[in-house]
Structure formats: C-alpha cells, structure tokens
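First the structure, in the form of structure tokens, and then the observations on it.
No value in this document is a laboratory result; all are computed from the given coordinates. A quick note: this is a predicted structure, and the numbers were derived from the prediction, not measured. With ideal geometry, Cβ positions are generated from the backbone for all residues, glycine too; neighbour counts draw on all protein chains shown.
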Amino acid sequence: MSKVVFTDENFNEEVLNSKIPVVIDFWAIWCGPCKLIAPIMDKLALEYERKVKIGKLDVDVNQQSAIKYGVRSIPTVLYFKDGEVKDMVIGAVHESVFRKKIEEILNN
C-alpha cells in the first residue's frame, strides 16, 4: 500500500527531504473525525501513488512534530512541497477539499 506512517524519527527523511509533495494526516486513535477521513486518505494515497506521498502521523506518539507545526486540533492535514508547509485543512471535510488541495500543490 502506498500510505506512509510518519513519525518524529522519520519526519526529516520522509517529509522534509521528499522529492515529491507530502500530505500528512495528523490524527489519534481516539479521534472520531479522524476515523471519518481515514478512508478518504487511503483512497487518495492509492490514486496519487508516485505523485504525492500521503500518510498519517499519530499525535499521541509523535508529539514533537505536532508541536513543531502547531497542530492544536485533529484531524489536521498539512500539505508539504519542497520541505515547506504549503497548505492546511483542519477538521473532517469532504473528499473534494482534500483533492483540490493536492491538485493545487501538484500544479504550482
């Protein structure tokens, strides 16, 4: 499967040094809205395989990354390109919102 599990330990390699854009779903096991968007992220990860790296980061286990990027509520989805945050979506939103942001990152 194309979805990546991001951690504090692999963040630099998998995100900041990635040659392709990265989409990170900051989540936690106890988060209801996170469970709502999980199937959407899975679908997008398969659809954009080799174009965008899409995955999850558990904020309970990987607090350093969440703190560094100011994640205060979950789900929060950050969009990275060239090692920098280019966009953000907070909350459980429709698939079309996530897809639009991915397309914007790919086309800019």
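General remarks:
- Checked against the criterion of being of a type in the set (S, T, N, Q), assigned to a helix (DSSP H, G or I) and either closer than 18 Å to T7 by Cβ or touching a strand residue (DSSP E or B) at 6+ places or on another chain (Cβ under 9 Å) (or both), the candidates S65, S96 yield just one match: S65.
- Restricting segment 81-93 to residues that are outside any strand (DSSP E or B) and not small (G, A, S), the residue that is farthest from V52 (Cα to Cα) is V93.
- Search result, residues across segment 28-50 that are within 11 Å of E95 (Cα to Cα) and either among the small types (G, A, S) or in contact with a Gly (Cβ under 7 Å, 6 or more places away or on another chain) (or both): A38
- Looking across segment 1-31, the residues that are over 16 Å from Y79 (Cβ atoms), touching a strand residue (DSSP E or B) at 6+ places or on another chain (Cβ under 9 Å) and either touching a residue at least 24 places away in the same chain (Cβ under 8 Å) or not polar (S, T, N, Q) (or both) come down to S2, V5, T7, D8, A28, I29.
- Being within 21 Å of F11 (Cβ to Cβ), among the hydrophobic types (A, V, I, L, M, F, W, C) and in a helix (DSSP H, G or I) holds for only one residue in L36, L44, L57, and it is L44.
- Selection status of I74, surrounded by 15 or more Cβ atoms within 10 Å (Cβ to Cβ) and β-branched (V, I, T): yes
- Considering segment 17-60, and only residues there that are loosely packed, with under 13 Cβ neighbours inside 10 Å and among the aliphatic types (A, V, I, L, M), the residue that is nearest to E104 (Cα to Cα) turns out to be L46.
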